[in-house]
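Working notes, structure below.
The values are calculated or read from the model by the stated rules, or taken from the named source; none is laboratory data. Given the structure is predicted, the values throughout are model-derived calculations rather than measurements. Cβ coordinates were reconstructed from backbone atoms using ideal geometry, including for glycine residues, and neighbour counts include every protein chain displayed. Ligands, DNA and RNA are excluded from the accessible area calculation, which covers all protein heavy atoms including side chains. Shrake-Rupley method; radii C 1.70, N 1.55, O 1.52, S 1.80 Å.
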Amino acid sequence: MKITWKTALLWTLPALVIGFFLWQGAFAASPTDMSKNTASTRMSYGRFLEYLNASRVTSVDLYEGGRTAIVEAIDPELDNHVQRWRVDLPASAPELISQLRNSNIAFDTHPTRNDSALWSLVGNLVFPILLIAGLFFLFRRSNNVPGGPGQAMNFGKSKARFQMEAKTGVVFSDVAGVEEAKEELEEVVTFLKKPERFTAIGAKIPKGVLLVGPPGTGKTLLAKAIAGEAGVPFFSISGSEFVEMFVGVGASRVRDLFKKAKENAPCIIFIDEIDAVGRQRGAGIGGGNDEREQTLNQLLTEMDGFEGNTGIIIIAATNRPDVLDSALLRPGRFDRQVSVDTPDIKGRLEILEVHARNKKLGVDISLDAIARRTPGFTGADLANLLNEAAILTARRRKEAITMLEVDDAVDRVVAGMEGTPLVDSKSKRLIAYHEIGHAIVGTIIKAHDPVQKVTLVPRGQARGLTWFMPSEDQGLISRSQILARIMGALGGRAAEEVVFGDAEVTTGAGNDLQQVTGMARQMVTRFGMSDLGPMSLEAQQSEIFLGRDYTARSEYSEEIASRIDGQVRSIVDHCYNEARRIIRENRTVIDRLVDLLIEKETIDGEEFRQIVAEYTFVPEKEQYVPQL
Ligand code: ADP
Ligand code: MG
Ligand code: ZN
């Protein structure tokens with residue numbers, strides 16, 4: 001829709017501009033053939049008469065019905081050279097001709113060619129014609145584009161914007177680290193390949209499978225792999241493409257899609273982001289969206305409309321199964337749900353193996369180590385990581401990817417592009433203290449993840465970074481671990497304040513504070529880790545505009561609300577005091593580390609711990625190291 005209008009504008013603009021130039025040009029090109037006889041200087045009519053009387057004029061050519069004359073005369077000022085002048089004659093000078101004749105001066109009249117009138121006529125026409133042609137062209141085009149402006153007039157004829165791939169070329173071995181999902185989906189392949197096996201004993205083949213999981217975990221890839229393994233065509237459309245400005249377009253797209261699919265059965269229909277269309281009906285602020293509901297109804301109707309055994313299986317993907325309309329999840333529709341989760345360390349290793357297949361890896365590369373360094377990475381992140389590493393390798397003109405490039409790529413994927421280091425200045429010192437503050441608090445508190453490195457090389461939005469060794473996400477985090485994280489996050493601001501004073505603290509801690517508040521609040525409202533006791537006072541935070549969520553607002557009194565605020569404040573206060581205490585007590589080593597950091601730009605975790613250990617006790621960290 002938007003795109004169509006953009007192209008429309010792009011197209012009309014040149015048309016207007018060209019039209020304008022032609023129009024202007026038409027007038028500019030209107031003079032008669034006077035041009036070839038042009039005299040550069042002008043002469044007044046009076047002077048001309050003077051010259052005429054003094055018999056200096058040798059010839060006169062009259063143009064434009066006798067209103068302009070090109071006069072050749074002898075110029076006394078120029079050594080009696082013959083010169084040409086242009087003279088504007090008064091409107092009526094009939095006696096001039098007779099005078100010329102009497103004085104025996106050669107004269108000629110040149111009729112005005114009437115093309116000036118013709119030209120201006122053309123000029124006047126060109127512009128509107130171009131404009132009309134442009135509009136006409138646009139209108140025709142937009143009629144061909146589904147959902148374009150012309151759609152308003154014939155919306156029934158929408159061409160569905162779905163893709164069809166006869167062969168996806170993806171097989172199950174291309175998808176790694178999601179074994180449970182793969183096992184469940186292998187059955188779907190059998191439904192498509194050998195339906196007789198099920199229908200013979202009266203079993204109904206399921207129509208819909210819902211893949212649930214965060215973005216980048218391989219849902220699209222899995223759906224393609226099913227089609228690839230079963231050797232059937234793959235139709236795909238995104239839920240957001242159903243939702244159109246014009247009522248009825250979405251529904252007709254659903255109809256078209258199913259019609260095409262039936263012609264090509266057995267096949268897979270893949271609906272990505274189904275939550276865009278399949279959200280709970282009648283929900284949302286400001287009333288429902290009629291168009292979306294119509295589209296959803298059409299989808300439900302189509303799913304009911306074909307028999308389970310036509311060989312069409314619909315696979316839908318979402319990361320918000322909670323907002324889906326319950327009608328979609330009823331038996332006979334998407335009654336199977338397969339969850340596709342962020343991979344664990346083993347899964348990451350397998351995914352890395354898949355994507356390392358076509359890459360040149362150096363001997364020092366350990367995919368184990370990469371898997372260990374990347375908790376929380378999805379399949380898409382890992383694919384991106386190896387690709388970034390390969391790009392870096394090519395840029396550095398190396399033969400094969402080494403661990404150095406992989407490490408840089410991880411930093412880049414997590415924290416963004418590397419910037420140029422700051423020049424030495426007061427603000428660089430402040431940033432150094434801020435980062436060392438995070439690192440020292442993180443090192444001295446036992447429950448905190450160990451420091452991996454501290455750096456002053458800016459990345460993305462950050463002007464300095466402290467990296468902690470990520471612990472494998474085990475799902476459970478203890479109270480002391482959350483408190484440790486809050487203290488660590490406050491370490492930066494605490495160092496700024498202790499070292500530079502209250503007046504000098506900077507905005508650099510904004511992000512830290514946001515995280516701190518979030519963690520502290522969750523401790524109180526979700527995890528029952530405060531004096532309010534083990535109560536869940538708030539559901540998981542979710543955006544208010546998403547479907548039925550808005551009803552999930554928790555019901556608690558004003559009084560509880562202010563007690564929550566009090567608890568959050570006391571957690572943060574406690575942690576901030578701790579952080580400041582650690583900074584104050586370790587000021588000597590902090591100063592030394594800051595100098596070192598400014599000199600070296602980066603200190604790695606091992607060196608950092610050794611230096612701190614010269615001054616104070618550094619607890620052993622218990623890091624959960626999963627076996628591979
Ligand atoms: P989703 O649809 O869940 O958002 P995609 O299937 O589009 O994720 O994944 C994007 C890309 O990430 C894939 O094309 C693939 O290269 C890579 N990828 C994601 N998950 C996996 C996986 N489990 N195994 C291998 N590659 C994966
Ligand atoms: Mg996808
Ligand atoms: Zn910080």
Quick one: how many residues across the range 396-426 are of a type in the set (Asp, Glu), open to solvent by less than 30 Å² (accessible area, probe 1.4 Å) and over 21 Å from Leu456 (Cβ atoms)?
1
Tell me yes or no: at least one residue of the range 206-224 is out of contact with any Ser or Thr (no Cβ under 6 Å at 6 or more places or on another chain), open to solvent by 60 Å² or more (accessible area, probe 1.4 Å) and away from ligand 2 (no atom under 16 Å from the Cβ).
no
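Identify the residue in the range 273-329 that is of a type in the set (Val, Ile, Thr) and within 30 Å of the chain's Cα centre (by Cα) and, among all such residues, is modelled with the lowest pLDDT.
Applying the filter and picking the extreme gives Ile285.
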Tally time: how many residues in the range 509-528 are away from ligand 3 (no atom under 16 Å from the Cβ) and surrounded by fewer than 19 Cβ atoms within 10 Å (Cβ to Cβ)?
4
Of the conditions (1) in contact (Cβ under 8 Å) with a residue 24 or more places away in the chain; (2) basic (Lys, Arg); (3) more than 21 Å from Thr295 (Cβ to Cβ); (4) more than 16 Å from ligand 2 (Cβ to nearest atom), Arg253 clears all except one; give me its number.
(3)
Selection count where residues are in a strand (DSSP E or B) and crowded, with 17+ Cβ neighbours inside 10 Å, scope the range 69-99
10
Suppose we filter the range 188-231 for residues that are without any contact (Cβ under 8 Å) to a residue 60 or more places away in the chain and among the β-branched types (Val, Ile, Thr); how many remain?
3
Limited to the range 173-183, what total is found for residues that are of a type outside the set (A, V, I, L, M) and crowded, with 17+ Cβ neighbours inside 10 Å?
3
The range 329-343: number of residues that are within 12 Å of ligand 1 (Cβ to nearest atom) and not in a strand (DSSP E or B)
4
Filter the range 356-387 down to the residues that are more than 17 Å from Asp341 (Cβ to Cβ), away from ligand 2 (no atom under 16 Å from the Cβ) and under 22 Å from the mean Cα position of the chain (by Cα) and list them by number.
Leu385, Leu386, Asn387
Of the residues in the range 184-205, how many are open to solvent by 60 Å² or more (accessible area, probe 1.4 Å) and in contact with a Leu (Cβ under 8 Å, 6 or more places away or on another chain)?
0
Note on the range 108-126: residues at pLDDT 80 or above and surrounded by 15 or more Cβ atoms within 10 Å (Cβ to Cβ) are Val126
Can you pull out every residue in the range 170-205 that is more than 16 Å from ligand 2 (Cβ to nearest atom), of a type in the set (A, V, I, L, M) and part of a helix (DSSP H, G or I)?
Val188, Val189, Leu192
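Just to verify a result, which residue in the range 330-348, among those that are open to solvent by 20 Å² or more (accessible area, probe 1.4 Å) and over 29 Å from the mean Cα position of the chain (by Cα), is nearest to ligand 2 (Cβ to nearest atom)? If you could, list the steps in order and put the result at the bottom.
The first filter runs over the range 330-348 and keeps only residues open to solvent by 20 Å² or more (accessible area, probe 1.4 Å), leaving 330-333, 335-337, 339, 341-342, 344, 346.
From what is left, the residues that are over 29 Å from the mean Cα position of the chain (by Cα) are 330-333, 335-337, 346.
On the way: Arg330: 24, Pro331: 26, Gly332: 25, Arg333: 21, Asp335: 22, Arg336: 18, Gln337: 17, Lys346: 23 Å.
Checked the range 330-348; the qualifying residue nearest to ligand 2 (Cβ to nearest atom) is Gln337.
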Considering the range 463-508 alone, what residues qualify as being at pLDDT 90 or above, within 30 Å of Ala369 (Cα to Cα), open to solvent by 60 Å² or more (accessible area, probe 1.4 Å) and away from ligand 3 (no atom under 15 Å from the Cβ)?
Arg479, Ser480
